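A.B. asks: This structure is in structure tokens; I'll ask about it shortly.
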Amino acid sequence: MEFKHVDIEWKADDAGVIEGYGSFYGNKDHGGDIVVAGAFADSLATGRKVKMLSQHDPYSVIGVWEEMADDEKGLRVKGRLLTSIQAGKDAYELVKAGAIDGLSIGYRTIKTKASNGARLIEKADLWEVSLVTFPMNEMTRIDAVKAADMSRRDVERLLTQDAGLARSVARQLMAGGFDAINAKQDAGEDIEELAALLKSRCAL
């Protein structure tokens, strides 16, 4: 079994549902590996239940992965933290606090090749996806806890500090969504670009 850590982009709601990417394709991680598009397709086709663990500990099951897809960007995952059990509840609280912001896949390598000093992982057998403290791949990041579970100040901080929006734009977005943003004439073309970007992110 090998492990590959990645920062992830995900969302978590107050029911403990999380979604995002567990692995991105074409990105060289700190270990010198590049996962090739489609690497997990055959493994997912077997229908095996991939486990949701904490820190790769087989004795710490914290939830269930309910959906997985091998798309053009990477390994898309969606699941549910079991907040009815203590381990799942603890994991959710750590995620909300920002103490845990990464995923790590546990897999068995099936086919690899060397390329320009990197190891290309062309095919791998996926066994588990864990929430981890220290990620390896810098491509992605946990980017949101669902707004319904955050204070107004937390949401504004997320939009200004993490997303880099001007405070006035962030407040308009919070107050009225895309309609309010698009109506803000003095913001110029950047508003249209922002709306397009956010819409594309929401469609993932």
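A.B. asks: If D101 satisfies all but one of (1) modelled with pLDDT under 90; (2) surrounded by fewer than 19 Cβ atoms within 10 Å (Cβ to Cβ); (3) touching a Ser or Thr at 6+ places or on another chain (Cβ under 9 Å), what's the number of the condition it fails?
C.D. replies: Just one mismatch for D101, condition (2).
A.B. asks: Condition check: closer than 30 Å to K49 by Cβ, in contact with a strand residue (DSSP E or B) (Cβ under 6 Å, 6 or more places away or on another chain) and at pLDDT 90 or above. Does I121 satisfy that?
C.D. replies: Judged against the criteria, I121 is a match.
A.B. asks: Now, a different point. Considering only residues of the range 124-144 that are in a strand (DSSP E or B) and not hydrophobic (A, V, I, L, M, F, W, C), which is modelled with the lowest pLDDT?
C.D. replies: The qualifying residue modelled with the lowest pLDDT is N137.
A.B. asks: Inside the range 44-88, counting only strands (runs of 3 or more DSSP E) that do not spill past its ends, which hold 1 or more residues that are more than 17 Å from G106 (Cβ to Cβ) and within 16 Å of the chain's Cα centre (by Cα)?
C.D. replies: The strands (runs of 3 or more DSSP E) meeting that bar are 57-70, 74-81.
A.B. asks: I want to confirm something. Restricting to the range 1-34 and keeping residues that are more than 16 Å from the chain's Cα centre (by Cα) and of a type in the set (D, E, K, R), which single residue is modelled with the lowest pLDDT?
C.D. replies: D14
A.B. asks: Could you give every pair whose Cβ atoms fall below 8 Å, whose first residue belongs to the range 79-107 and is farther than 13 Å from A15 by Cβ, and whose second residue is modelled with pLDDT of 90 or more and assigned to a helix (DSSP H, G or I), counting only separations of at least 6 or pairs across chains?
C.D. replies: Matching pairs, first to second residue: I100/A91; Y107/S43.
A.B. asks: Here are the criteria: (1) modelled with pLDDT of 85 or more; (2) under 16 Å from D29 (Cβ atoms). Tell me which single one M68 does not satisfy.
C.D. replies: Status for M68: all satisfied but (2).
A.B. asks: Inspect the range 24-47 for any residue being under 14 Å from E128 (Cα atoms), without any contact (Cβ under 8 Å) to a residue 40 or more places away in the chain, assigned by TED's automatic domain parsing to the domain that holds L126 and not β-branched (V, I, T) and give the result as yes or no.
C.D. replies: Yes; the residues of the range 24-47 include at least one that is under 14 Å from E128 (Cα atoms), without any contact (Cβ under 8 Å) to a residue 40 or more places away in the chain, assigned by TED's automatic domain parsing to the domain that holds L126 and not β-branched (V, I, T).
The values are calculated or read from the model by the stated rules, or taken from the named source; none is laboratory data. Owing to the predicted nature of the structure, the values given are computational and were not obtained by experimental measurement. So basically every Cβ, Gly included, is an ideal-geometry build from the backbone, and we count neighbours across all protein chains shown.
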